[in-house]
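Readers should treat all values here as calculations from the given coordinates under stated rules, not as data from a laboratory. Quick caveat, the model's predicted, so the values are computed rather than measured. Cβ atoms come from the backbone with ideal geometry, glycine included; neighbour counts cover every protein chain shown.
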């Protein structure tokens, strides 16, 4: 994102949403409730991790609503990309 290529960044974020959205929904609605029986409160940590990824994606989406980014905003977007990178490997 350091290149400030907003169009490409929007496409990547859209792909993340398409892949990760249903994945998270399944985990939160089906898998985690079943795991709670075995793992107890550890499931809360898994939900917090999801919340962090969602917050990062939303902040990145807010940045990408703009037509151009300042250097600082581009750096923020690059940091968000790095944080979301594991999602790209799903």
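Observations on the structure shown:
- Restricting 15, 11, 48, 4 to those that are more than 18 Å from the chain's Cα centre (by Cα) and either under 19 Å from residue 84 (Cβ atoms) or assigned to a helix (DSSP H, G or I) (or both) reduces the list to 4.
- Any hit, the range 30-40, residues being out of contact with any strand residue (DSSP E or B) (no Cβ under 8 Å at 6 or more places or on another chain), closer than 20 Å to residue 83 by Cα, free of Cβ contacts under 8 Å to residues at least 12 places away in the same chain and exposed (fewer than 13 other Cβ atoms within 10 Å of the Cβ): no
- Some residue of the range 47-67 being touching a helix residue (DSSP H, G or I) at 6+ places or on another chain (Cβ under 7 Å) and free of Cβ contacts under 8 Å to residues at least 12 places away in the same chain: no
- Looking only at residues of the range 63-87 that are loosely packed, with under 13 Cβ neighbours inside 10 Å and within 14 Å of the chain's Cα centre (by Cα), we find that the one that is farthest from residue 15 (Cα to Cα) is 82.
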